[in-house]
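Values quoted throughout were computed directly from the atomic coordinates according to the rules given, and no laboratory measurement underlies them. Everything quoted here is computed from the prediction, not taken from an experiment. Cβ placement follows ideal geometry from the backbone for every residue including glycine, while neighbour counts extend to all protein chains displayed.
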Amino acid sequence: QNYFLLFFFYSHIYKKNYDMTKTRKGKTEQLLRVDDHDFTMRPAFGGPAIPVGVDVQVESLDSISEVDMDFTMTLYLRHYWKDERLSFPSTTNKSMTFDGRLVKKIWVPDVFFVHSKRSFIHDTTTDNIMLRVFPDGHVLYSMRITVTAMCNMDFSRFPLDSQTCSLELESYAYTDEDLMLYWKNGNESLKTDEKISLSQFLIQKFHTTSRLAFYSSTGWYNRLYISFTLHRHIFFFLLQTYFPATLMVMLSWVSFWIDRRAVPARVSLGITTVLTMSTIITGVNASMPRVSYIKAVDIYLWVSFVFVFLSVLEYAAVNYLTTVQERKERKLREKFPCTCGIAHTKTMMLDGTYSESDANSLAGYTRSQIVIEEEKQDKMLVHMAMNNESNSSRKRGLKGHVGLRIIQNTHAIDKYSRLIFPGTYIFFNLIYWSVFC
């Protein structure tokens, strides 16, 4: 008998617990009344527009692409609205929270991202969707989304530029007569993580705006904007672009101090700097979109390229004039042979141009007998005769004079280029950095 009473007692408890579970499940279905309403229609259909508040928490700004002109952002998107069809009585005023499975059974706002290229809702380990229903019918609908959207960038000041990008939200089907989309807390509706940072940009500020958007075939829609301003870090481009270009220009100036007769040295230096500048320009343009306007970095690189190219042309001019000058000198020597009655004479142009053989042969000459003749080009011919009886002091004086003339044996174009090229490039840099910085 005792065993029978004990069995009856436990059986009664088990049945009671089972019935409570069924009762709780029945209460949940009854409270939501999902099957009692047509949720294909918006709340208050036929009445005024339903207000839907929005707030956003930006989790990360993943990347900025200049080539594709877009940005990628991960955010929490939350919607707030009231649907009296979901209201339920509650003595504790507690809300009920559901996952994404209930979203397919009720009405939710059809918000989409304007100008987005691709987006997705995170689904690890389940769909990152949360639905919270309050007793009075207020609903909170939250999603974790990663979206890649277009950003119209202006590269006219690149890489000294600032870019402003916007993420735009809008209802796809409901016009402003059916759905009023607004920022729930004004400027406080947008929250950002303090740790958000980018390698090439400084994020200056986030802000929110809203306005109406018109489509000729469908009407007016409420559109929300999340705007942020990015200021590019210049140090990377200083190291990778500006400093190498400046060094190549300065390297091209070295040829002005190289002897103009050293053709291989000056030509190879000029060609090397030109090719290096071409490589720098190609590398910069490879990482940029093919825009139809001139960027700030293009101005700097192409002006630097022109300076390097002009240094090559400068030596071409010097070499050509030197060749013409030596050709005229040979003709003059043939025209005025050494038959002037002076023993062992030498004829030479006094314009600062000496060949190596001429300079060596002047060791035994004196300036005791000089005959000057004027030519059409206003040049002077000096006929110098050897005097074996000259004293040693005169020989030493002439040797010093010849040495001084050899040191000064540089073409006038090289002399002027040593000042004009650096001065002009420094002036260009002053104007460039004062305009773009």
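Could you work out the local net charge near N222, counting Lys and Arg as +1, Asp and Glu as -1, over the other residues with Cβ closer than 12 Å to its Cβ? It works out to a net charge of -3. In percent, rounded to a whole number, the relative contact order of the range 127-231 is 28, using alpha-carbon pairs under 8 Å and six or more apart. Length available on full extension from S90 to E194: 0.36 nm per residue minus the Cα-Cα distance, which gives 33.6 nm.
The listed peptides 192-198, 276-282, 418-424, ordered by packing as a protection proxy, come out as 276-282, 418-424, 192-198 (highest mean of other Cβ atoms within 10 Å first).
Suppose the chain between K184 and S287 were pulled fully straight at 0.36 nm per residue; how much longer would it get relative to their current alpha carbon spacing? Let's see the in-between values first.
Values: separation 103, 0.36 × 103 = 37.08 nm, distance 4.02 nm.
Full-extension gain reported as 33.1 nm.
Only Cα pairs under 8 Å and 6+ residues apart enter the sum, and on that basis the relative contact order of the range 72-174 stands at 40 percent. Close amide H contacts of F158 (hydrogens built in the peptide plane, cut-off under 5 Å, sequence separation of 5 or more or a different chain): A296, V297.
Summarising the amide proton neighbourhood of V114: residues at separation of 5 or more, or on other chains, whose placed amide H is nearer than 5 Å comprise E168, L169, E170. Summarising the amide proton neighbourhood of D83: residues at separation of 5 or more, or on other chains, whose placed amide H is nearer than 5 Å comprise H138, V139.
Each Lys and Arg Cβ is given +1 and each Asp and Glu Cβ -1; about its Cα centre, the range 97-253 then shows a dipole of about 320 debye. Judged by the mean number of other Cβ atoms found within 10 Å, the most tightly packed of the peptides 251-260, 288-297 leads the ranking 251-260, 288-297. Taking 31 Å as the limit for the C-alpha separation, the pairs K94/K205; K82/K191; K94/K195 exceed it in the case of K94/K205; K94/K195. Here the Karplus relation 6.51 cos²θ - 1.76 cosθ + 1.60, evaluated at θ = phi - 60°, turns the backbone of the range 242-248 into coupling constants of 5, 4, x, 5, 5, 5, 5 Hz, with x for every Gly and Pro. For the range 137-145, the Karplus equation 6.51 cos²θ - 1.76 cosθ + 1.60, evaluated at θ = phi - 60°, returns couplings of x, 6, 10, 10, 10, 10, 9, 10, 10 Hz by residue, with Gly and Pro reported as x. Computed from backbone phi, the HN-Hα couplings of the range 270-275 come to x, 5, 4, 5, 5, 5 Hz, rounded to whole numbers (Karplus: 6.51 cos²θ - 1.76 cosθ + 1.60, θ = phi - 60°; Gly and Pro given as x).
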